[in-house]
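In what follows, a single structure is set out as structure tokens and then discussed.
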2 protein chains.
Amino acid sequence: MKKIINAPEDVVREALRGVERAHPELTVDHANRVVARGDAPVSDKVGLISGGGSGHEPMHGGFVGPGMLDAACAGEVFTSPTPDQMLAATKQVDGGAGVLHIVKNYTGDVLNFEMAADLARAEGIEVEAVVIDDDVAVQDSTYTAGRRGVGGTVLVEKLCGAAAEERRSLADVAQLCRDVNASVRSMGIALTSCTVPAAGKPTFELAEDEMEVGIGIHGEPGRERRKLGTAHEIAAALVDPVAQDLALENGDRVLAFVNGMGGTPLIELYLLFDEVGALLDERGVTIERSLVGPYITSLEMAGASVTLLRLNDDLVRLWDAPVKTPGLRWGA
Amino acid sequence: MKKIINAPEDVVREALRGVERAHPELTVDHANRVVARGDAPVSDKVGLISGGGSGHEPMHGGFVGPGMLDAACAGEVFTSPTPDQMLAATKQVDGGAGVLHIVKNYTGDVLNFEMAADLARAEGIEVEAVVIDDDVAVQDSTYTAGRRGVGGTVLVEKLCGAAAEERRSLADVAQLCRDVNASVRSMGIALTSCTVPAAGKPTFELAEDEMEVGIGIHGEPGRERRKLGTAHEIAAALVDPVAQDLALENGDRVLAFVNGMGGTPLIELYLLFDEVGALLDERGVTIERSLVGPYITSLEMAGASVTLLRLNDDLVRLWDAPVKTPGLRWGA
């Protein structure tokens, strides 16, 4: 295992110290491993929190800031945070307008967020929770009943964050969250495995000429192993099932997000983005907004995922709204 | 070789199509492989261009936009662009106030930019060139007479871009560029090699327990191979020579930049950033600004570099000024 770490058991704790040092506009509650906006809670704004296992950076801690999440809680690598952490985050960001939990669909995350929501409600905080399940690759999986939550989560966090900044109500932001989740689909491939620090060896093995189609963000299996294809073939293997599941039609407008899993260089992601665009051209689908880069990763895994979100004018406006986080940042 | 590509010889060409597709605010001259601001040339603003071999993304094409570069030209992977490309970029961004060439110190880049500057001057364009040589690892190297240009280049492009937006003169922006280059130092380590697509095999081999200290951004050798150390040891191996060369003293203020070489996940970069910060604390040096992430990469190489820039009030202001590029983006 070749990593820039001190000891496997200290990785998350020490990385959070680095986050705190690098981003003075954020606060880090080290006991609860919660990264929050320095100005939390924001009065009368719906508080948005998410969280999950570490190893997917910049998600979620890198998406904390004005226009996106109010706080994120970090579990150990590829391990759900505890209800206590989620409760601490919820209490920290409650500005009186309630708190939305954005939950990726993994069994541990879902159970723990449910328990945290119950605990928060018992303390008088209004909480809604939406489970994100945008991965079309598999129905159930190693860690999931139902579809997994993957790249769509990044878009959900941005869009709902913008809606919360507009002071929409908790019910409205939660409904937007469900609407976006219903309009977004993803699928990914892996060219290599990744190594969880505490495990010390790769999660799985792939032959030099193989790729895993439909990979999960913890290295869990997808649909099949196939011979490593060209970028054109990879794009088709990802775009076709996503477009079909989303029932994309001639004239539809999308946000196209090509995500890197961690170890794949940006030059390959742009090359893949062009192939994705060409396939969407053929379908008469217009890319109105785009995102290219490593935003929801699996440590150093080589691979990529494609996420497509059907756009409407409201979503375009929310996407363009200012955001100021370590991982996504634009506008005022 | 496991890469998301079609054919090795098409990687740069096809990736530039993806850049064009993803960033409608930029233009791509495919014949000359020049990425430029869509509104270039900007009247009465000094035009800033850079360029070099591909494989270091987001540098340089990802740093084109308001507040940073006006254009960048892309060579093949780890191969200098030609003088013709640089001349085309120079002509495209000349808004009447002259053009600054920001040149990383590699022999091919330096020679070709010199030729391009001569050709541009012959066409009546005022050109200044500044060579960036911030890498303290080695004096001469495989591709270089004198020190190599590495992470400092990212900071130079941001700071000089901001100065050009303020409509400083060509002489002033060039002097700032030299001043910043004199105030910035870098050093990197590699945990793995990278594979140039056209070569099809790793540039070098490192044993499972080894790291290359002082690595170049093309995989060229550094100072020595050492047993893979802890993050704390790695931080010391990078910070000590950089701080010493920069003659950092108690009370100095710096911008600290922990850069990923491509294959190292963000969680490790933040962990390393904390170690760097702790070492600077010991020296009484204050981190006033920071940057953490993969900004000047070596394809999928695992590793990191540390860049320290001595700050003053003018540089802090220029750093904070708005920038709107695919790779760095903040403010208005």
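The values are calculated or read from the model by the stated rules, or taken from the named source; none is laboratory data. Keep in mind that this is a model prediction, so the values were computed, not measured. Here the Cβ is made from the backbone with ideal geometry for all residues, glycine too, and neighbour counts use every protein chain on show. When the accessible area is computed, the model is the full protein with side chains, heavy atoms only, and any ligands, DNA or RNA have been set aside. Shrake-Rupley method; radii C 1.70, N 1.55, O 1.52, S 1.80 Å.
Residues of the range B:96-133 falling in the label zone of B:ALA145, defined by backbone nitrogen less than 18 Å from a point 7 Å along Cα to beta-carbon, are B:103-118, B:129-133. Per residue of chain B, the DSSP helices (runs of n ≥ 4 H) give a summed -39500 (n - 2.57) that works out to -10500 deg cm²/dmol at 222 nm.
Each label point was placed 7 Å from the Cα along the Cα-to-Cβ direction; for A:ALA171 and A:LYS201 their separation is 5.5 nm.
Pairs of alpha carbons in chain A separated by more than 31 Å make up 27% of all such pairs. Overall size of the protein assembly as shown from C-alpha positions, given as principal axis extents largest first: 72, 58, 49 Å.
Evaluate the Kirkwood expression for the hydrodynamic radius of the range A:74-118, namely the inverse of the mean inverse distance over all pairs of different C-alpha atoms, and round to one decimal in Å.
Mean inverse Cα-Cα distance, inverted, gives 10.8 Å.
Each peptide among B:205-216, B:281-292, A:208-219 gets the average number of other Cβ atoms lying within 10 Å of its residues, and from highest to lowest they stand as A:208-219, B:205-216, B:281-292. With R₀ set to 45 Å, the beta-carbon distance separating A:GLU288 from B:ASP314 gives a calculated FRET efficiency near 0.70. Between A:ARG13 and B:ALA182, the C-beta separation translates, for a Förster distance of 45 Å, into a calculated FRET efficiency of about 0.75.
Taken one residue at a time, the phi angles of the range A:37-47 give Karplus couplings (6.51, -1.76, 1.60, θ = phi - 60°) of 4, x, 9, 6, x, 8, 4, 6, 9, 4, x Hz. Gly and Pro are set to x. Cross-link reach is defined here as a Cα-Cα straight distance under 13 Å, omitting same-chain residues fewer than 8 places apart; for A:LYS104 the aspartates and glutamates meeting it are A:GLU114, A:ASP133, A:ASP134, A:ASP135, A:GLU157. Computed from backbone phi with θ = phi - 60° and the Karplus coefficients 6.51, -1.76 and 1.60, the 3J(HN,Hα) list for the range B:208-215 is 4, 10, 10, 9, 9, 8, x, 4 Hz; x is used for glycine and proline. Using C-alpha pairs under 8 Å with a sequence gap of at least 6, the mean separation divided by the residue count of chain A gives a relative contact order of 18 percent. Counting only Cα atoms, the range A:184-323 measures 47, 33, 25 Å along its principal axes, largest extent leading. Listed by chain and number, the lysines whose alpha-carbon sits under 21 Å from that of A:LYS3, ignoring those within fewer than 8 places in the same chain, are A:LYS201, B:LYS2, B:LYS227.
Across the options B:ILE234, B:ALA97, B:GLN175, the greatest Cα extent toward the positive end of the charge dipole of chain B (unit charges at beta carbon of Lys, Arg, Asp, Glu) belongs to B:ALA97. Separation of the range A:31-95 and the range A:253-280 by C-alpha centroid, Å? Their Cα centres are 28 Å away from one another. For the range A:239-251, 3J(HN,Hα) computed residue by residue from phi via the Karplus equation (6.51, -1.76, 1.60; θ = phi - 60°) reads 5, 4, x, 5, 5, 5, 5, 7, 6, 5, 10, 3, x Hz, glycine and proline entered as x. Legend: residues B:HIS101, A:HIS30, sorted from most to least accessible area (1.4 Å probe; ligands, DNA and RNA excluded), read A:HIS30, B:HIS101. Here the spin labels are modelled as points 7 Å beyond Cα on the Cα-Cβ line, and at A:GLU25 and A:ALA247 they lie 4.1 nm apart. The calculated P(r) of the range A:1-146, using every Cα pair and 10 Å bins from 0, goes 12, 43, 33, 12, 1 in percent.
Restriction of the GluC sites (Glu not before Pro) in the range B:94-187 to DSSP coil positions whose beta-carbon has at most 14 other beta-carbons within 10 angstrom yields B:GLU123, B:GLU166.
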